[in-house]
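First comes the structure, then the notes that go with it.
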Amino acid sequence: LLLLDHQMPGLDGMTLAKRIKGDPALRETTLLLLTSVDRLPSPAEQATAGLAGAMTKPLRQSRLFDAIVDALHGPPGAVGPTR
């Protein structure tokens, strides 16, 4: 499981997710995107980047826990958007 920040210096989380999914040694890694931006990537954008889900920060510890469980044990895209 890898938690990615959407806004990082020099590289955004969506681009990093695509690079990870493009690497044969890493492509099975489960990815969750955390962002402080008001607009979450659309479900289609998330699928293209290989994300299990995306959430806005700040988020409650219980919501993060639930999202991790859903991402690891649910079907692709099981983690719904949160605000």
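Along the range 48-57 the Karplus relation, 6.51 cos²θ - 1.76 cosθ + 1.60 evaluated at θ = phi - 60°, assigns HN-Hα couplings of 4, 7, x, 7, 7, x, 9, 9, 8, 9 Hz to successive residues, with x for each Gly and Pro.
The Rg/Rh ratio for the chain is 0.93, where Rg is the radius of gyration of the alpha carbons and Rh is the Kirkwood radius. Taking Lys and Arg as +1 and Asp and Glu as -1, the other residues whose beta-carbon sits under 12 Å from that of L26 total +2.
Of P58, P24, P43, the residue with the greatest mean-square motion in the GNM of the chain, using alpha carbon springs below 10 Å, is P24.
Taking amide H as placed 1.01 Å from N in the peptide plane, L40 has no amide H partner under 5 Å among residues 5 or more places away or on another chain. Of the accessible area of the range 1-73, computed with a 1.4 Å probe over protein heavy atoms only, carbon and sulfur atoms account for 56 percent. Under a model in which nothing but the beta-carbon of Lys, Arg (+1) and Asp, Glu (-1) is charged, the chain shows a dipole of about 100 debye around its Cα centre. Looking at the chain, what % of its DSSP beta bridges pair antiparallel, to the nearest 5? Of all bridge pairs located within the chain, approximately 20 percent are antiparallel.
The values are calculated or read from the model by the stated rules, or taken from the named source; none is laboratory data. The structure displayed is predicted, hence computed values, not measured ones. Every residue, glycine among them, receives a Cβ derived from its backbone with ideal geometry; neighbour counts consider all protein chains shown. All accessible areas refer to the heavy atoms of the entire protein, side chains included, with ligands and DNA or RNA removed. Shrake-Rupley method; radii C 1.70, N 1.55, O 1.52, S 1.80 Å.
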